[in-house]
Amino acid sequence: MNPLPKKVCVIDDDESVRDSMQALLESYGVAVEVFSSACEFLPHSCDSADCMLLDLHMPGMDGLQLLNAIREQGSARPVIMITGRGDDQLSARALQAGAYTFLSKPVEDFVLLQSIACAVAAASEISAKTAVS
């Protein structure tokens, strides 16, 4: 498995999901910042995070709208979209909007950790290629 990042932001309206993801990531030495909504997250933007985990279905601004806002701000930070009520069409929309991957809840710990590590590694590789060009 690729190394895990230093910091991850979790944006999910489900407190138990936020708490379990935070506990899992912190047990592997990853700093975690959690937000209960897109509106709570936006003023912070999580510039120091290496990766973001976004819930698709949140009240107010949903995960796809938040992902679009993040991309409009110019952030290329890897985003993993997570949902408990997804389908192929939503998955395709999330990937087209720039999500690295789309995971269904409940997410197995290893799958989540592997997805985060791979997303950060892929973003680093793209960044390195861009810097060389």
Determine the pairs where a residue that is small (G, A, S), located within segment 64-90, has a partner that is not in a loop (DSSP other than H, G, I, E, B) with Cβ atoms under 8 Å apart, the partner being 6 or more residues away or on another chain. A69/A38; A76/A123; A76/I126; A76/S127; G84/S104; G86/F102; G86/S104
Which residue, of S127, S115, S91, is part of a helix (DSSP H, G or I) and over 15 Å from the mean Cα position of the chain (by Cα)? S127
Report the residue count in segment 41-58 for those that are in contact with a helix residue (DSSP H, G or I) (Cβ under 9 Å, 6 or more places away or on another chain) and surrounded by fewer than 18 Cβ atoms within 10 Å (Cβ to Cβ). 3
Which of the residues that make up segment 1-16 are within 22 Å of M58 (Cα to Cα) and either in contact with a Leu (Cβ under 9 Å, 6 or more places away or on another chain) or of a type in the set (S, T, Y) (or both)? V8, C9, V10, I11, D12, S16
Complete set of residues in segment 58-88 that are over 14 Å from the mean Cα position of the chain (by Cα) and not in a loop (DSSP other than H, G, I, E, B): E72, D88
For segment 77-132, how many residues are at pLDDT below 90, hydrophobic (A, V, I, L, M, F, W, C) and touching a helix residue (DSSP H, G or I) at 6+ places or on another chain (Cβ under 9 Å)? 1
Mind listing just one residue for me: the one in segment 46-55 that is at pLDDT 95 or above and of a type in the set (A, V, I, L, M) and, of those, farthest from I82 (Cα to Cα)? M52
Residues (farther than 15 Å from H57 by Cβ, assigned to a loop (DSSP other than H, G, I, E, B) and at pLDDT 95 or above) located in segment 17-45: Y28, G29, V30
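The values are calculated or read from the model by the stated rules, or taken from the named source; none is laboratory data. Computed from a predicted structure; not experimentally measured. Ideal geometry is used to build each Cβ from the backbone, glycine not excepted, and the neighbour counts take in all protein chains shown.
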